[in-house]
Amino acid sequence: MRTEVSQRAAELRSERVPYVHARVVLAEKPTSAHPGDEALVLGDGTIDGFVGGTCAESTVRSHGLALLDSGDSELLRISPDPVDDSSPAPGRVVVHNPCLSGGTLEIFLEPVLPTPLVFVHGSTPIAAALVRLGDALGYEMRALPIASEELVSGASGVVVASHGRDEEEVLTAALHAGVPYIGLVASRKRGAAVLASLDPDGRGAPHPPDPLPPDRISTPAGLDIGARTPEEVALSILAEVVASRPRPVGRPVVPEQQAAAAIATDPVCGMSVASVDSSLHLDVADEIGVVVRHWFCGSGCLRAFAAEPSAYTDQPA
């Protein structure tokens, strides 16, 4: 199992798919998990591996999804008994799981996020310096030979340093793909002329309408640090990439702090459950035929609800 999880993790990293690695570090009897058991939580709520039964898995899923937003690690303690955790240690969260069958679990959750991906269009000295410096920073630097909206989708940045070759096409593709940072290496005068010539909507309009405003393109690319050499210009551009990159919230996010649409309450035990397709759920029609979806932490709660829905809702069985 551990070998399979490791292989799956390697596949996800190669495909630049973010996930949360969960590893059991403490398991009190009687529990089905053991120290060293591990699993991966994906952005759709899918769990590959094993870190406990369905109730524990549900808690790991909801906290794992929250950590993909925060970018922080967390030591998750799942206890069958209510615990006073009014003064928790930083990075440690205690959850009361009333349907946990037996002992307490402690699971370390660590987000694994793709390294920043930056495309560079051009074969100029500045483009070459960008690739060298970005590699030294641990970024994934890729050459962009042609304009491709699909190719640059998901990138942290696109830098055009081609001295006039295919600039408009590459900038337009980056705008359509919603790349956070788009830089054009050019003088102020020439850069302004290039932006005025953009036609991202394909209708011959020189000034693109929202949501593709030309001011999303930084030109001259880079922070104003008085750069002169290609290496200094590359440094100023990468500093601007770092400054524009979306930031995680920088603190652990508990499920209740996520958007309401992402979290539901188990009607049987009251636990917070991630309302994603991979969580256990049951569709029940009310008295006027409207189908309502209910979410559950585990199969026990689902079976109890299915046997007598009226005991947990206002609708008749």
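The values are calculated or read from the model by the stated rules, or taken from the named source; none is laboratory data. Worth saying up front: this structure is predicted, and the values here are computed from it rather than measured. Neighbour counts run over all protein chains shown; Cβ positions are idealised from the backbone, glycine included.
Only one of (1) farther than 18 Å from Asp277 by Cβ; (2) of a type outside the set (Val, Ile, Thr); (3) in a loop (DSSP other than H, G, I, E, B) fails for Gly45. Which number is that?
(1)
Which one of these is among the β-branched types (Val, Ile, Thr) and farther than 18 Å from Leu184 by Cα: Thr124, Thr115?
On the way: Thr124 fails: farther than 18 Å from Leu184 by Cα.
Result of the check over Thr124, Thr115: Thr115.
So, of the residues in region 276-293 that are at pLDDT 70 or above and among the small types (Gly, Ala, Ser), which turns out to be surrounded by the fewest Cβ atoms within 10 Å (Cβ to Cβ)?
Filtering region 276-293 for residues that are at pLDDT 70 or above and among the small types (Gly, Ala, Ser), the one surrounded by the fewest Cβ atoms within 10 Å (Cβ to Cβ) comes out as Ala285.
Only one residue in Glu169, Glu140, Glu150 is over 21 Å from Arg216 (Cα atoms) and under 29 Å from the mean Cα position of the chain (by Cα), so which one is that?
On the way: Glu169 fails: over 21 Å from Arg216 (Cα atoms); Glu150 fails: over 21 Å from Arg216 (Cα atoms).
Sole residue among the options that is over 21 Å from Arg216 (Cα atoms) and under 29 Å from the mean Cα position of the chain (by Cα): Glu140.
Picking from Val51, Val60, which residue would you name as being of a type in the set (A, V, I, L, M), part of a loop (DSSP other than H, G, I, E, B), more than 14 Å from the chain's Cα centre (by Cα) and within 21 Å of Gly91 (Cβ to Cβ)?
On the way: Val60 fails: part of a loop (DSSP other than H, G, I, E, B).
Going through Val51, Val60 in turn, the sole match is Val51.
Which residue, of Val249, Val253, Val268, Val273, is at pLDDT 75 or above, in a loop (DSSP other than H, G, I, E, B) and within 30 Å of Glu74 (Cβ to Cβ)?
Matching residue, one of Val249, Val253, Val268, Val273: Val268.
Can you tell me which residue is surrounded by the fewest Cβ atoms within 10 Å (Cβ to Cβ) among those in region 165-186 that are part of a helix (DSSP H, G or I) and either among the aliphatic types (A, V, I, L, M) or at pLDDT below 90 (or both)?
Step by step, filter region 165-186, then rank; the result is Ala177.
Assuming Val158 fulfils every condition listed in (1) hydrophobic (A, V, I, L, M, F, W, C); (2) over 15 Å from Ala221 (Cα atoms); (3) touching a Leu at 6+ places or on another chain (Cβ under 8 Å) apart from one, which condition is it?
Single failed check for Val158: (2).
Quick check on Glu38: is it closer than 16 Å to Gly103 by Cβ and of a type in the set (Asp, Glu)?
Here the answer is no, as Glu38 does not meet what is asked.
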